[in-house]
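Below is one structure, written out as structure tokens, with a few remarks after it.
Since every read-out is calculated from the coordinates, none of them should be taken as a lab result. Note that this is a predicted model, so its numbers are computed, not measured. Cβ: placed from backbone, ideal geometry, glycine included. Neighbour counts: every protein chain shown.
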Amino acid sequence: MSIEARWRSAAPYILSVLRIVAALMFLSFGTMILFGWPTAMPGGNSAPVMSQTWVGGWLEFAGGVLLALGLCTRPTAFILSGMMAVAYFQFHAPHGPWPAANMGTPAILYCFLWLYFSAAGAGVWSLDALLGKQKAAPS
């Protein structure tokens, strides 16, 4: 087996690693918004209860946990992709057209990363795969 074929065969595992790492980083935004941890939000410890930011924090927290576990990956990722699109256009785009200048790069990247996972699934290291809720990707 060639090195290229071996590397290609690692793709389902690397997909899972990408999902886990991205979900844990995303989860940290939710914990910051809800609990002021690992650092406080700009301007305070946490978002006001029932505010739009607080709801977004719960989506980031719960969605981050589900995606890290690889549970209900496709619908969770689809919802979070839409949430990040709204976040970009509502909070970042009004500050200018360039993501590097309006600080919207993470929102765009998460939007498209979650959109990809909504189509690709969680990968082999996931509760979805363990529970048989994920079809194997075509080779």
Q.
Apply the Karplus curve 6.51 cos²θ - 1.76 cosθ + 1.60, θ = phi - 60°, to the phi angles in the stretch 78-94 and return the couplings in whole Hz, x for Gly and Pro.
A. 5, 4, 5, 4, x, 4, 6, 5, 4, 4, 5, 6, 7, 9, 9, 4, x
**Q.** Length released on extending from Tyr116 to Val65, taking residue separation times 0.36 nm less the Cα-Cα span
**A.** 16.6 nm
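Could you compute the FRET efficiency for Leu24 and Leu131, with r as their C-beta to C-beta distance and R0 at 30 Å, rounded to 0.05?
0.90
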Q: Could you work out the relative contact order of the stretch 9-139, using alpha carbon pairs under 8 angstrom and six or more residues apart, expressed as a whole percent?
A: 26
Q: Just need log10 I(q)/I(0) for the chain at q = 0.21 Å⁻¹, Debye formula, equal scatterers on the alpha-carbon atoms, no solvent, rounded to two decimals.
A: -1.22
Q. What angle do you read, to the nearest 10 degrees and between 0 and 90, between the alpha-carbon axis of helix 105-120 and the longest principal axis of the chain?
A. 40
(Q) Could you identify which residue out of Ser81, Ser28, Ser51 has the top mean-square fluctuation in a GNM of the chain using Cα springs shorter than 10 Å? (A) Ser51
Q: Find which of Trp114, Ser46, Phe35 sits farthest along the positive direction of the dipole of the chain, computed with +1 on the beta-carbon of Lys and Arg, -1 on that of Asp and Glu, about the Cα centre.
A: Trp114
Q) How many nm is it between the label spots at Trp54 and Glu4, if each spot is 7 Å from the Cα in line with the beta carbon? A) 5.6
Q. When the Karplus curve 6.51 cos²θ - 1.76 cosθ + 1.60 is applied with θ = phi - 60°, which whole-Hz ³J(HN,Hα) does each residue of the stretch 70-76 get, with x for Gly and Pro?
A. x, 10, 6, 4, 4, x, 5
